[in-house]
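Worksheet: the structure to be examined is printed underneath.
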Amino acid sequence: MKEQQPFNLDGRKELGKLEMSKEVVVTLIGMGTLALFAFGFFFTALYTLFTGKVGFNFDFTSGTILISVALLFGTLVLHELIHGVFMSKYGGKPRYGAGIAYFILPYFYTTTKTIFLRNQFIVIAIAPLVVISLVGIGLMAAFPSIAHWIFIPFVLNASGAVGDLWVTRNVLRFPEHVLLEDRKTGLIIYGKETDKPMNISTTGFGSRFFKVFILCFFAVGILMGIAPIPLDILGVESFTIGPTNSLYTIFEFHGSEEGFGFAFFPLPILAISVIAGLVYAIIKTGKPRNHAVKG
């Protein structure tokens, strides 16, 4: 593979920085925790689709604990290696390491001294999320008997990628021609002399998330709650009143041979609301406000 020639920063100026401040660390922890539950539900939905089973259990023995730990660390390492592969694709020489931000957030990282174009950096950032997710879904479909073991790498990688998605979202605010220098604790964006510098902030993430989360939770809950759902669509024949499994609660109404029921889905509503809140908060947080120009 032909190595990319290094970019020249002559005539470029710094447009902005993405730094691992304490505020960013706290925000990423919140985003990752919320995404963990959302992607956990998404995985269980895929698990049910591919295996026909609702829910799964792990028997905690010394063997399963060792496998789980290996999958956890293996996923973290694989995530960074995929970053490195795509850095190499664009001419970079990746370096790997680990650290703990503000004694709060332990992390692995991949960095390089090579400078990348905006779109190259975006590919590098989202590659682990795309590759591991697609491979995980493919393995679940091909080997349903081991699908439950894919839970750890799938959910951990997807929830851990919120930082990559947040960086990608901010980088997309800049023109396509900007150059990006990756550092262990942040990112520097360089542009042309005519480009406008931007301030990037995480202020308001929590309030934006909870505003959409609450609205979505009640809106989706009402829509799902008022709709009668045939029980056979849910893959079941009959339920008594009360909790039935980890995905939903069904209150059954008799009146026909097939049976129709009123269904309340607490976890799906929660997952949809979390995802909607995250998407809105990530899009809006740090977005410059338009100020009225006084004449």
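Every read-out reported here was derived from the displayed coordinates using simple, explicitly stated rules and does not represent laboratory data. All values reported here derive from a predicted model rather than from experimental measurement. All Cβ positions, even for glycine, are placed from backbone atoms using ideal geometry, and neighbour counts span all protein chains on display.
Overview of values
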{"quantity": "Approximate spin-label separation residue 172-residue 48, in nm, with each point projected 7 Å along Cα-to-Cβ", "calculated": "3.0 nm"}
{"quantity": "Size of charge dipole - the range 12-200 - debye, nearest 20, with Cβ of Lys, Arg +1 and Asp, Glu -1, no other charges", "calculated": "440 debye"}
{"quantity": "Label-to-label distance, nm, for residues given as residue 96 and residue 215 (7 Å Cα→Cβ offset)", "calculated": "4.3 nm"}
{"quantity": "Ranking of 110, 194, 33 by count of other Cβ atoms within 10 Å, fewest first", "calculated": "194, 33, 110"}
{"quantity": "At 1.567 mPa s and 4 °C, Stokes diffusion of the range 12-200 via Kirkwood alpha-carbon radius, µm² per second", "calculated": "72 µm²/s"}
{"quantity": "Rg/Rg_globular for the range 28-115, with Rg_globular taken as 2.2 N^0.38 Å and Rg from C-alpha atoms", "calculated": "1.42"}
{"quantity": "Label zone at residue 72, where the point sits 7 Å out along the Cα-to-Cβ direction: the range 126-158 residues whose backbone N lies under 11 Å", "calculated": "none"}
{"quantity": "Dmax and Rg, reported as Rg then Dmax, of the range 59-110 (C-alpha, Å)", "calculated": "14.5, 45"}
{"quantity": "Extension reserve of the residue 61-residue 284 stretch, reckoned as 0.36 nm per residue once the Cα distance is removed", "calculated": "75.8 nm"}
{"quantity": "Of 93/284; 53/284; 13/211; 89/196; 13/89; 184/211, pairs whose Cα-Cα distance is over 28 Å", "calculated": "93/284; 53/284; 13/211; 89/196; 184/211"}
{"quantity": "Rough spin-label spacing in nm, given labels placed 7 Å along Cα→Cβ, for residue 123 and residue 36", "calculated": "3.3 nm"}
{"quantity": "Peptide ranges 147-160, 89-102 listed from the most packed, as the mean C-beta count within 10 angstrom indicates", "calculated": "147-160, 89-102"}
{"quantity": "HN-Hα J in Hz across the range 37-53 - Karplus 6.51, -1.76, 1.60, θ = phi - 60°, x for Gly and Pro", "calculated": "5, 5, 6, x, 5, 4, 5, 5, 5, 5, 4, 5, 4, 7, 10, x, 9"}
{"quantity": "Packing-based exposure ordering (other Cβ within 10 Å, fewest first) of 176, 23", "calculated": "176, 23"}
